[in-house]
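The values are calculated or read from the model by the stated rules, or taken from the named source; none is laboratory data. For clarity, every value in this text was computed on a predicted model and none was experimentally measured. Cβ atoms come from the backbone with ideal geometry, glycine included; neighbour counts cover every protein chain shown. Side chains are part of the model used for accessible areas, which takes the heavy atoms of the whole protein and leaves out ligands, DNA and RNA. Shrake-Rupley method; radii C 1.70, N 1.55, O 1.52, S 1.80 Å.
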Amino acid sequence: MIEQWKLLKNPRLAARFDLIGMVTGLLLVFFMFGHAMMLATIVFGAETMDGLSMWLEDLYLAQAGAVGIVFVVLIHFVTAGRKLPLRVNEQKMIWRLTRRLSHLDTWLWLVQVVTGMLILLFVAVHLYFVLTTFPIEAVKSSTRVASNFGYFYAPMIIVIWLHLGIGLYRIFVKWTPFNRKILKVFKWLLILGFIADSLLVLKTFWAIGLQYVN
């Protein structure tokens, strides 16, 4: 992790890290939008999803994307996560200040910190099973979901979209002139909309998988 005193002595370096954190965050947002749309093809049948998956793998986009996303996640964690309170006394101080301020955006930042740490665990486990069971197939993924992994993916969905929605909101607040009240409404519409969509897709995977598990 980058030492804070170095960034304080060099404001330009701190600004560059903020910019890199924002860019990598946006890249992850776009990836998740694309990933969600790809998974949503399961609603139209396993053949539709398998066809898209085979097309991506024939062009080596799936393999390259997996490696690329790990690289981007690590860069984002280092640049955006450099402000995380790592010491116990710092964490206690942040918690006390957050409760004392009772400010919604401060609470959202705290939620983003917690969800960010959880995402590292979720993504590591998810990528392990995806990369060790290539190629990606609808039935294979559905069977994994129905074999109790649905209970893993359900909270992962909530954590990821919470982190993404809050992060996108903070980017727009910091880097754009949009009205904060409008952004707050948009943030919750985005979070709740994609959580609902992703849980519906997960339910479809689960229903297909149960045909092969039982």
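Separation between the Phe30 and Gln63 pseudo-spin-labels, each 7 Å from Cα along Cα→Cβ, expressed in nm? Distance between the two pseudo-spin positions: 2.4 nm. Ranking Glu57, Glu137, Glu47 from most to least accessible surface, computed with a 1.4 Å probe over the protein chains only, gives Glu47, Glu137, Glu57. Spin-label model, Ile158/Ile75: points 7 Å from Cα along the beta carbon direction are separated by 3.3 nm. What does a probe at Thr176 reach in region 28-55, counting residues whose amide N is under 18 Å from the point 7 Å along Cα→Cβ? Hits in region 28-55 for Thr176 at 18 Å: 28-34. Rounded to whole numbers, the Karplus 3J(HN,Hα) couplings from phi for region 45-55 are x, 4, 5, 5, 5, 5, x, 5, 4, 5, 5 Hz, using 6.51 cos²θ - 1.76 cosθ + 1.60 with θ = phi - 60°, and x at Gly and Pro.
Please compute the length gained on full extension between Val125 and Thr106, using 0.36 nm multiplied by the number of residues separating them and subtracting their Cα-Cα distance.
Residue separation times 0.36 nm, minus the Cα-Cα distance, leaves 3.9 nm.
Within 12 Å, Cβ to Cβ, of Phe129, how many net charges do the neighbouring residues add up to if Lys/Arg are +1 and Asp/Glu are -1?
Surrounding charge for Phe129 is +2.
Loop-located chymotrypsin sites (Phe, Trp or Tyr not before Pro) across region 127-203 with a Cβ neighbour count of 15 or fewer within 10 Å are Phe178, with loop assigned by DSSP. Compactness check for region 108-186: Cα Rg over 2.2 N^0.38 Å is 1.40. Two decimals is fine: what is log10 I(q)/I(0) at q = 0.17, 0.19 Å⁻¹ for region 13-213, from a Debye sum with one equal scatterer on every Cα and no solvent? Reported log10 I(q)/I(0), two decimals: -1.24, -1.44. Its relative contact order, with pairs defined as Cα atoms under 8 Å and 6+ residues apart, puts region 13-213 at 29 percent.
3J(HN,Hα) along region 176-188: 10, x, 4, 5, 5, 5, 5, 5, 5, 5, 4, 4, 6 Hz, from the Karplus curve 6.51 cos²θ - 1.76 cosθ + 1.60 with θ = phi - 60°, whole Hz, x for Gly and Pro.
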